[in-house]
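For reference, the structure discussed in these notes is given below.
The values are calculated or read from the model by the stated rules, or taken from the named source; none is laboratory data. It should be emphasised that the depicted structure is a prediction, and the values quoted were computed from it without experimental measurement. Please note: Cβ atoms are built from the backbone with ideal geometry, for glycine as well, and neighbour counts cover all protein chains shown.
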């Protein structure tokens with residue numbers, strides 16, 4: 001019963017933190033390139049998590065590191081860069097809404113590869129959700145013709161990475177502490193991120209403008225709070241709930257992100273808001289069954 005209460009608290013915290021992440025990415029891109037935003041986000045998160053999670057990393061067993069590697073790249077590395085590149089062309093709130101396809105992809109990939117139950121009700125939800133995603137991309141292209149909305153597909157790919165990761169977390173990594181998973185996964189991607197930052201030309205800059213420094217501050221907050229602390233909460237939530245409930249954070253992330261987007265002057269059409277509602281309706285339908293992931297629980301015990 002106590003865990004049931006905590007999972008809602010964790011869900012609310014993640015909604016606030018991750019809902020604010022999209023506007024922080026947007027602000028980071030003002031003074032930095034997409035590669036630099038992604039790299040600094042990983043590096044800041046890695047420094048924080050390794051600092052607080054050294055003991056937890058030491059407790060990870062040798063045979064568990066292959067799953068840590070999977071979590072590092074699919075749960076963090078690839079999505080971080082994909083979102084950074086996506087927001088060079090699409091609005092931050094649109095990116096957050098498309099991220100709501102994560103529970104739908106979690107269900108599909110869970111059914112295909114991880115033994116999750118796929119009911120008719122879930123199929124309807126998936127179809128509805130993806131119709132909303134398609135409508136959102138088309139309506140976005142009509143209201144912002146100067147933006148390349150093919151970049152929206154990068155968000156869907158990132159959502160697919162998250163979907164695989166959450167299934168792996170639930171079925172393969174329940175014996176590892178949430179801090180250990182977070183710190184270990186960022187440890188394995190820190191060096192690749194540093195190499196990408198080097199090749200991005202950042203260290204060749206002769207001067208650091210106030211805009212670059214401000215962007216670094218935004219990405220610093222994004223890395224430590226929006227990525228480091230959030231990943232610990234997320235991993236804990238995965239362990240005390242099922243994958244679909246965990247990814248239901250994408251219900252409320254768009255609400256927070258939409259608020260930030262409006263405050264930042266982003267414009268939305270009726271059809272965009274309608275398409276966003278359709279996506280969330282699809283996610284709601286997917287989450288209606290209480291026994292969707294019963295097989296996950298059997299595998300984890």
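In region 87-99, which residues are within 17 Å of residue 136 (Cα to Cα) and either at pLDDT 95 or above or in a loop (DSSP other than H, G, I, E, B) (or both)?
Keep residues of region 87-99 that are within 17 Å of residue 136 (Cα to Cα), which gives 87, 89-99.
Once the filter is applied, which keeps residues that are within 17 Å of residue 136 (Cα to Cα) and either at pLDDT 95 or above or in a loop (DSSP other than H, G, I, E, B) (or both), region 87-99 yields 87, 89, 90, 91.
Checking the structure you have, find out if any residue of region 217-230 is at pLDDT 95 or above, over 17 Å from the mean Cα position of the chain (by Cα) and more than 19 Å from residue 82 (Cα to Cα).
Looking for residues that are at pLDDT 95 or above, over 17 Å from the mean Cα position of the chain (by Cα) and more than 19 Å from residue 82 (Cα to Cα), one finds at least one in region 217-230, hence yes.
Report yes if residue 33 is touching a residue at least 60 places away in the same chain (Cβ under 8 Å) and under 19 Å from residue 208 (Cβ atoms), otherwise no.
yes
Name every residue in region 236-262 that is over 15 Å from the mean Cα position of the chain (by Cα) and modelled with pLDDT under 75, in order of residue number.
Result: 242, single match.
Could we say that residue 181 is surrounded by 23 or more Cβ atoms within 10 Å (Cβ to Cβ) and either touching a residue at least 40 places away in the same chain (Cβ under 8 Å) or within 28 Å of residue 108 (Cβ to Cβ) (or both) here?
Yes; evaluated as a whole, the condition is true for this residue.
Here's the yes/no breakdown for (1) touching a residue at least 24 places away in the same chain (Cβ under 8 Å); (2) touching a helix residue (DSSP H, G or I) at 6+ places or on another chain (Cβ under 7 Å); (3) in a helix (DSSP H, G or I); (4) surrounded by fewer than 24 Cβ atoms within 10 Å (Cβ to Cβ):
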| position | (1), (2), (3), (4) |
| --- | --- |
| 7 | yes, yes, yes, yes |
| 20 | yes, yes, yes, yes |
| 28 | yes, yes, yes, no |
| 37 | yes, yes, yes, no |
| 50 | yes, yes, yes, yes |
| 55 | no, no, yes, yes |
| 74 | yes, yes, yes, yes |
| 78 | yes, yes, yes, yes |
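What's the number of the only condition in (1) in contact (Cβ under 8 Å) with a residue 60 or more places away in the chain; (2) crowded, with 20+ Cβ neighbours inside 10 Å; (3) more than 25 Å from residue 282 (Cβ to Cβ) that residue 100 fails to meet?
Failing condition for residue 100: (3).
Give the number of residues within region 195-213 that are assigned to a helix (DSSP H, G or I) and surrounded by 14 or more Cβ atoms within 10 Å (Cβ to Cβ).
4
Report yes if residue 169 is surrounded by 15 or more Cβ atoms within 10 Å (Cβ to Cβ) and part of a helix (DSSP H, G or I), otherwise no.
On the way: surrounded by 15 or more Cβ atoms within 10 Å (Cβ to Cβ): yes; part of a helix (DSSP H, G or I): yes.
Taking the combined requirement at face value, the residue satisfies it.
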